[in-house]
1. Restricting attention to the range 106-118, which residues are under 15 Å from residue 201 (Cα atoms) and surrounded by 20 or more Cβ atoms within 10 Å (Cβ to Cβ)?
2. Identify the single condition in (1) outside any helix (DSSP H, G or I); (2) over 30 Å from residue 292 (Cα atoms) that residue 224 does not satisfy, given that it satisfies every other one.
3. How many of the residues making up the range 256-295 are of a type outside the set (Asp, Glu) and more than 19 Å from residue 212 (Cα to Cα)?
4. Being outside the structural domain of residue 284 (by TED's automatic domain parsing), over 20 Å from the mean Cα position of the chain (by Cα) and under 27 Å from residue 273 (Cα atoms): is that true of residue 150 here?
5. Scan the range 224-268 for residues that are exposed (fewer than 14 other Cβ atoms within 10 Å of the Cβ), touching a residue at least 40 places away in the same chain (Cβ under 8 Å) and either farther than 23 Å from residue 81 by Cβ or aliphatic (A, V, I, L, M) (or both) and jot them down.
6. Across the range 201-217, which residue is farthest from residue 302 (Cα to Cα) among those that are touching a residue at least 24 places away in the same chain (Cβ under 8 Å) and surrounded by fewer than 18 Cβ atoms within 10 Å (Cβ to Cβ)?
7. Could you check the range 82-108 and list, in sequence order, the residues that are without any contact (Cβ under 8 Å) to a residue 40 or more places away in the chain and either in contact with a Gly (Cβ under 9 Å, 6 or more places away or on another chain) or closer than 25 Å to residue 169 by Cβ (or both)?
8. Scan the range 145-200 for residues that are free of Cβ contacts under 8 Å to residues at least 24 places away in the same chain, part of a loop (DSSP other than H, G, I, E, B) and either in contact with a strand residue (DSSP E or B) (Cβ under 9 Å, 6 or more places away or on another chain) or over 20 Å from residue 254 (Cα atoms) (or both) and jot them down.
Amino acid sequence: MPSELKQKKILANKRVLVLVGPTAVGKTELAIRLAEKLEGEIVSADSRLLYCGMDIGTAKPTKNEMARAQHHMIDLAEPNDIWSLAIFQQKMLATIEDIQSRGKLPIVAGGTGQYIRSLMEGWIIPTVLPDPRLREVLEQFGREIGAAELHRRLSLIDPNASAKMDANNLRRSIRALEVIFTTGELFSTQKDKQPSDFNFKIIGLSRPREELYSRVDLRIEAMFETGFVDEVKNLLDKGYNQDLPTLSAIGYREVIQFLNGDITLEETKVQMRKKTREFIRRQANWFKPNDPNIEWHAMTPDPLDEVMQSILRWQAGIK
């Protein structure tokens, strides 16, 4: 086989489609529709979908949605398990290679920008093993002062790292501080990169900000109508500590406060709306409209046909 044809075949076998965009933009539904048309399998790049029993509050794909297309990287851990970025990245890479080995197209979709960037840019994650004693101290300190305040203190040490983290994600702040205190170096400077041999096609999905906010409001109302409070109560009844980093995710912390009698149900919803809006604004820092590597498509009207045409050109090797 001529070397040029061999190289094209290798690139074809290494194709990875990536869907990026903010929370509530519609990534899940479009990913499923593309998977149905392209013999694809979906790889979640959302840190919250990893955990069993955390379904409603994470907007996890429903059983019907997962029946339409094969999904991966969902329900792999218990809420008291801690997955580092390095572990997630290794599992995601192995999953993508398995899908490719079966002649299917991996479709990576999710809103956790750091996870997607680590894949596309070939990050080499610091191999700093967890320090149980240091982590226990940081977790206790974080619980005492709150996730947002711990994040603020991280920003004083390493502003570049903190700027790319959710202020309410206690686990991420703890891990960054753990690496800093263990190595004596800033967390943000410890990521090396190794060029990936994957052939990426990155599709960005967008909606006007006010439309996103409206969709978020509807989603939050639907969560409560379908049993979100009972979901959180069930996790606590199973013995999971309310201070677990995983339960600091948007929605879970607020519902716990409601169950503890600290805030009303309406205040719970207000806080969830506010924090989700803040999260959407932070997501925009990971995937910018002027990024030349991202092909952006508005979600209204339905972009399926134009996205399909673009993907088919990519698969044919046409730029």
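1. 106, 107, 108, 109, 110, 116
2. Looking at each condition in turn, residue 224 falls short on (1).
3. As a first pass, look at the range 256-295 and keep what is of a type outside the set (Asp, Glu): 256-261, 263-265, 268-277, 279-290, 292-294.
Cutting the leftovers down to more than 19 Å from residue 212 (Cα to Cα) gives us 256-261, 263-265, 268, 290, 292-294.
Here the count works out to 14.
4. Yes; evaluated as a whole, the condition is true for this residue.
5. If we filter the range 224-268 for residues that are exposed (fewer than 14 other Cβ atoms within 10 Å of the Cβ), which is where we start, we get 225-227, 230, 234, 237-239, 241, 260-262, 264-267.
If we keep only those that are touching a residue at least 40 places away in the same chain (Cβ under 8 Å) too, we end up with 226-227, 234, 238, 241, 265.
Those that are exposed (fewer than 14 other Cβ atoms within 10 Å of the Cβ), touching a residue at least 40 places away in the same chain (Cβ under 8 Å) and either farther than 23 Å from residue 81 by Cβ or aliphatic (A, V, I, L, M) (or both): 226, 227, 265.
6. In this case the residue turns out to be 217.
7. First, the residues of the range 82-108 that are without any contact (Cβ under 8 Å) to a residue 40 or more places away in the chain: 83, 87, 89-91, 93-94, 97-98, 101-102.
Correct list: 83, 87, 89, 90, 91, 93, 94.
8. Answer for the range 145-200, where residues must be free of Cβ contacts under 8 Å to residues at least 24 places away in the same chain, part of a loop (DSSP other than H, G, I, E, B) and either in contact with a strand residue (DSSP E or B) (Cβ under 9 Å, 6 or more places away or on another chain) or over 20 Å from residue 254 (Cα atoms) (or both): 184, 185.
The values are calculated or read from the model by the stated rules, or taken from the named source; none is laboratory data. This is a predicted model, so every value here is computed, not measured. Cβ: placed from backbone, ideal geometry, glycine included. Neighbour counts: every protein chain shown.
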